[in-house]
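The next block holds one structure in the form of structure tokens; read it before the comments.
The values are calculated or read from the model by the stated rules, or taken from the named source; none is laboratory data. Given the structure is predicted, the values throughout are model-derived calculations rather than measurements. Cβ atoms come from the backbone with ideal geometry, glycine included; neighbour counts cover every protein chain shown. Remember, those area values only see protein heavy atoms, side chains included, never the ligands or the DNA or RNA. Shrake-Rupley method; radii C 1.70, N 1.55, O 1.52, S 1.80 Å.
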Amino acid sequence: MRPSSRFGILDTVFAPVAALLWNLLLAFAVYQIARMAYLLVNLSHFQDNLTAAHLWQLLRGGLVFDTSAIVYTNALYIVLMLFPLHLKETPAYHRLCKWVFVVVNALALLINLCDSAYFPYTLRRTTTSVFREFSNESNLGGIFLTELLSHWYLVVLFVVVVWALWQLYATPRILKKYFRQRSQQWVYAGVMLVALVVAVPLCIGGCRGGLGHGIRPITINNANQYVDRPTECAVVLNTPFALIRTIGKSVFTVPNWYNSPDEAAKVFSPIHQPAPADSLAKKKNIVIFIVESFGREYIGALNRDLEGGRYKGYTPCIDSLIEKSLVFRHSFCNGRKSIDGMPSVLCGIPMFVEPFILTPASMNSYTSIGGLLAKDGYETAFFHNANRGSMGFMAFANKTGFQQYYGREDYAADSRFGGDADFDGHWGIWDEPFLQYYCAKMSEMKQPFMTALFTTSSHHPFQIPEQYRDVYKEEQMPIHKCIRYTDMALGRFFREASRQPWFQNTLFVITSDHTNQSNHAEYKSDIGGFCSPIIIYDPSGRQVKPGMSPAVAQQIDIVPTLLGLIGYDKPYFSFGIDLMKTPAEQTFAVNYLNGTYQYVKYGYVLQFDGEKAKAIYSLSDRTMKKNLIGKVKVQSQMERELKAIIYQYMFRMEHDQLRN
């Protein structure tokens, strides 16, 4: 092996670090070459929208996913190069490192190039679902050979790039004389140890897509943040990343209870046909609040019988609003995470098994109420107090058809408000000022408009602005003061909104993303942990009459209900129902908890493990103490209906049928 002296720095103790950095740059080059090959092979799918500026946007987004894939696949190589032991500095050791690096990145190149030939059949990057899709096929060898011959130029490209990778690989110059003294050995070990310690958090950030406090590990769905059309996600992503991030995420197995969605539709169908419009229906504005952790338990007006009727709750402003709103005796969220709340509330898609947007099915074709109404003449926008990349919400909003997204950076750029001085130090802009910004931005929008807001302040670590520390003091649980603060912020919003010309022509919905801390037994039960408010407020009082409905409501009902209220006249997809047009006894709720589906209907809660019913409780049995399995007449009917819902969900996830 001929040691490289390509850089002077390689002749110092920093040689392994310098060589590592150079070689990782080679890996990035390999991934970009593979991306350009992918794009050129499938250019007909992208050229209509491929301006120079847009191409740069796609390539820039690709660097995020390339970084993650490169760190994942080269983790062993990075450790080998930075291991703080001078005895490793031998020709044999570095020959091993070179082989590890070249083989790993050659394999990544091969996977990417093969996938470029497969793209026309799927219009997406290959995920681990491909292994199940072709698990029973015996002709893959012949198919692969045929594709190999028809894409011979990719074979040539592979050989050339791997040869170049081998030739350009930098091997540290080995200086035996440097290690003759113990002090020199310690210097080497110290430098390598520091480099390794620094590399660890950088690698973690690379894998996750960033080191910010509010950033979740990126998934294939985050590619939507950089594209104009869902198909372009294939250019932003790379196949090694798509495979790695979907390992163990292929969670949707279609049960054999029905032969087709049409058969299951005789019991349940997520395809909604337009109903006769309400005589009062018009293109009213729609505003949806998804309030962080704002569980039903905290709202006094929804818990009049709690604590023997003495319970006041923590939401005086929302209590006042509820007096003018439609609420429901039983209302639930469809998941336990923020990333579950988004598709549930805005798309009518509940969480089953795994968070929907963390699965390969998130790359399916689907839309939201924002996307539907954007095509129907509405101006649509999504607002979130946090950084633009936080929680993947910007990517989700873009994917589902919202025309605009406003986050922390947009707030900070608006000179009318306090800028980053209003940043809470953890997640985003405090709710109070951001809600005022939200109101102001809607006043600039053309009617009719549809907006959604996801708040942040009632989130761990449960802090409130300094000026309110003596106003909202610590109570029974840390979240309580945050709920009071956010309630006040919502109250201020509605006071300001009521002065706007669009207010009377707007339908407001308030719900939570999920529930949080609880200090009441009934809200700690299996079903109690899903109790979220669903509040529908019509300031005009013409279409939605105030009161407590006996119906069961859930987040996935929000889209059908709102579309019904505005007289939407096209078929659409949602697992929920129109609460205004469905008899109370036919309303239901469904959610998933640690391997168990929970189905609420007919005054009962059925628990089903995917094969059989495990328990059934009266909905009035709030702490779920008395299992009535086998003693309830409607149990078999509930099982039948739940199986139809599950079947429709699994089949449509697996076959990309999440639209009408």
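Test S525 against the stated conditions and say whether it is part of a loop (DSSP other than H, G, I, E, B) and either in contact with a His (Cβ under 8 Å, 6 or more places away or on another chain) or open to solvent by less than 20 Å² (accessible area, probe 1.4 Å) (or both).
yes
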Only one of these conditions is not met by Y411: (1) crowded, with 24+ Cβ neighbours inside 10 Å; (2) among the hydroxyl-bearing types (S, T, Y); (3) not in a helix (DSSP H, G or I). Which number is it? (3)
Test set (1) part of a loop (DSSP other than H, G, I, E, B); (2) more than 22 Å from the chain's Cα centre (by Cα) - R388 fails condition number: (2)
What number of residues within the stretch 433-468 are open to solvent by less than 20 Å² (accessible area, probe 1.4 Å), under 16 Å from A386 (Cβ atoms) and either touching a residue at least 60 places away in the same chain (Cβ under 8 Å) or touching a Ser or Thr at 6+ places or on another chain (Cβ under 7 Å) (or both)? 7
Checking A613 against (1) touching a Phe, Trp or Tyr at 6+ places or on another chain (Cβ under 9 Å); (2) farther than 29 Å from K399 by Cβ, which single condition isn't satisfied? (1)
Of the conditions (1) in contact with a Gly (Cβ under 8 Å, 6 or more places away or on another chain); (2) buried (at least 21 other Cβ atoms within 10 Å of the Cβ), G595 satisfies every one except a single condition; which number is it? (2)
Selection from the stretch 219-234 of residues that are in a helix (DSSP H, G or I) and not aromatic (F, W, Y): I220, N221, N222, A223, N224, Q225, P230, T231, E232, C233, A234
Selection from the stretch 18-58 of residues that are without any contact (Cβ under 8 Å) to a residue 40 or more places away in the chain and under 25 Å from the mean Cα position of the chain (by Cα): L55, W56
Mind checking which residues of the stretch 563-583 are within 22 Å of L642 (Cβ to Cβ) and open to solvent by less than 40 Å² (accessible area, probe 1.4 Å)? F573, S574, F575, G576, I577, D578, L579, T582
Of all residues being of a type in the set (F, W, Y) and closer than 17 Å to K601 by Cα in the stretch 325-352, which is surrounded by the fewest Cβ atoms within 10 Å (Cβ to Cβ)? Just the residue, please. F328
In the stretch 503-522, what count of residues is obtained for those that are open to solvent by 10 Å² or more (accessible area, probe 1.4 Å) and part of a loop (DSSP other than H, G, I, E, B)? 7
Being open to solvent by 40 Å² or more (accessible area, probe 1.4 Å) and among the aliphatic types (A, V, I, L, M) is the filter here, so list the residues in the stretch 18-54 that pass it. L21, L25, A29, I33, M36, L40, V41, L43, L50, A52, A53
For the stretch 367-397, which positions are over 16 Å from G564 (Cα atoms), crowded, with 24+ Cβ neighbours inside 10 Å and touching a strand residue (DSSP E or B) at 6+ places or on another chain (Cβ under 7 Å)? T380, F382, F383, H384, N385, A386, F393, A397
Can you spot a residue in the stretch 326-339 that is assigned to a loop (DSSP other than H, G, I, E, B), under 22 Å from M450 (Cβ atoms) and at pLDDT 95 or above? yes
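Quick check on Y649: is it open to solvent by 30 Å² or more (accessible area, probe 1.4 Å), at pLDDT 95 or above and within 25 Å of T515 (Cβ to Cβ)? Can you show your working first?
Numbers: open to solvent by 30 Å² or more (accessible area, probe 1.4 Å): no; at pLDDT 95 or above: yes; within 25 Å of T515 (Cβ to Cβ): yes.
Answer is no for this residue.
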